[in-house]
Each structure stands twice: as structure tokens, then as C-alpha cells.
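Data block below; observations after.
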Amino acid sequence: MQKFILQSIPYIVVIDEFAGFAIFDDNRLSVLLNQLASKVHTIGIHLIISTQCPSSKIITGSIKANFPARLAFKVASSTDSRIILDISGAEQLAGPGDALFSYGGKTTRIQIAYAGTRDIEKIASFIGQQQSYLSTYCLPEYVETYDYDFPPSVDLSDKNPLFDEAARLIVIHKLGSTSLIQRKFSIGYSRAGKIMDQLEAAGIVGPILGSSVRKVYIQDEYQLEEFLNSLG
């Protein structure tokens, strides 16, 4: 499979109004955001998220743990202030530009400079004049396909004794998970992984998809039984 490499990566990433994203799939988004936040500092990327809805469902404990630097403008209540900064006080701020900045356990009151429309236009113009690539770099579109090479080291003529039962387990649960096989049959992860490789070679499940479970290609038990009989 051809690998695509980004020509450049941004060094400042801003997620504006994070609550708007979180309401769709907050758990999955939080996991991805925490993974990103835990790694960006090692390569010099500054990750910034902002929201006008400082609730505990939006700003979770795990997110706060991965964002040690926090900034709060005037909020409606002391509860909102504690959610952002872990202390009250932001509800007593004066208004536009007045803010509390927290980092390393120390909270400082600061005044943010006002940037008007003319200032923003100048900044945008300055950025637009910077040297860029001669042409737009387009990311490739993902096209799902089930055509792939079977693992070369797998020999289906010598199937594991648990092959059929494992196949039924995967199809019934519609979950291509090696750990599922391991738990169900009380076997080691290495043996369960070899069974999963055989299931992949037979075309019952798809290839490894990073940390996600494999796709299950056979939809029901009847189709599976016909398939298993054809394998002999």
C-alpha cells in the first residue's frame, strides 16, 4: 500500500468552540483529543481549544490534565470558574480583556490586548504574504476496498482446532477482536493472534486497522457455515 506523507504540519492548532464538537461524540472525541494533546508538545505544536460553555461534560478531567495552561475570561458563576481553573474568581473579572491565566499551580490576572478588525486584517495580510508551496497539497481520499493480500505466512491447510468456533464467535458478535477470542477460549494472546491471522487469510475478517477492531466480512451464521463447509 502506498504511503502518503504530509509536506508540512501546522505548529499552532486551534479548535474553536470545542463544545460544538463534543456534543456529537464526546467520548471518542475526548480520547482522540487527549492522544493528540499528550504528544504535540514533543514536536513543538501548540494545541489550543476554546469554548463558551465551560461545563464538566465539555471540559472533562482528562482534558484538564492534558492542558496545564488555562485561560478564563469573565464567566457567569464560580462553578464555571472552578471547572476551568480549579479555583473561583473568574466570575468577578471586569469584562472584555480581563482574564485569569493558570499554569503550574499559579494563577495570574492579566489584561488581553484588544485586536480590532483592522488589526486582524493586517495580521491575515502578513501571513498571506509568507512564502508557501507552489501548488495546493491535496490529501488522498480514502477508498474502502476488500481486496488485499493474504498474510504469506498463514497456511489454511493446517487450521487451528479452534478455527471454526472462533469464526462463529466473530460473526455472531460482529467484532473482529483478538482479545475476544483470547477471553472466550481462555488461550494466550499469541495463539489467539495466529487464529485471527488464519481468519484474515480465509477472508472472514479484514486486516489490522491500527487500534480499531477488524472488519467482519461474513454477515450471518448461515453464510459462515456455507463458507466453512467449502473450506473443508
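Give me the pairs, please: first residue somewhere in segment 74-92 and farther than 9 Å from residue 54 by Cβ, second residue anywhere and part of a helix (DSSP H, G or I) and open to solvent by 70 Å² or more (accessible area, probe 1.4 Å), beta-carbon distance under 6 Å, and either six or more positions apart or on two chains.
Between residues of segment 74-92 that are farther than 9 Å from residue 54 by Cβ and residues that are part of a helix (DSSP H, G or I) and open to solvent by 70 Å² or more (accessible area, probe 1.4 Å), the close pairs are 88/82.
Just for segment 93-123: of the residues that are within 33 Å of the chain's Cα centre (by Cα) and open to solvent by 60 Å² or more (accessible area, probe 1.4 Å), which one is farthest from residue 54 (Cα to Cα)?
By that ranking, first place goes to 123.
Out of 74, 64, I need the residue that is open to solvent by 50 Å² or more (accessible area, probe 1.4 Å), farther than 30 Å from residue 127 by Cα and modelled with pLDDT of 80 or more. Which one?
74
Specify the residue that is farthest from residue 208 (Cα to Cα); the eligible residues are those in segment 113-148 that are polar (S, T, N, Q) and at pLDDT 65 or above.
So, considering only residues that are polar (S, T, N, Q) and at pLDDT 65 or above, the one farthest from residue 208 (Cα to Cα) is 117.
Please work out which one of (1) modelled with pLDDT under 75; (2) charged (D, E, K, R); (3) surrounded by 12 or more Cβ atoms within 10 Å (Cβ to Cβ) is the condition residue 28 fails and give its number.
(3)
Please return the ranges of helices (runs of 4 or more DSSP H) entirely within segment 162-225 where 1 or more residues are aromatic (Phe, Trp, Tyr), open to solvent by 20 Å² or more (accessible area, probe 1.4 Å) and touching a strand residue (DSSP E or B) at 6+ places or on another chain (Cβ under 6 Å).
Where helices (runs of 4 or more DSSP H) fall fully within segment 162-225, none carries at least 1 residues being aromatic (Phe, Trp, Tyr), open to solvent by 20 Å² or more (accessible area, probe 1.4 Å) and touching a strand residue (DSSP E or B) at 6+ places or on another chain (Cβ under 6 Å).
The values are calculated or read from the model by the stated rules, or taken from the named source; none is laboratory data. Keep in mind that what you see is a predicted model, and the values were worked out from it rather than measured. Backbone-built Cβ (ideal geometry, glycine too); neighbour counts: all protein chains shown. All accessible areas refer to the heavy atoms of the entire protein, side chains included, with ligands and DNA or RNA removed. Shrake-Rupley method; radii C 1.70, N 1.55, O 1.52, S 1.80 Å.
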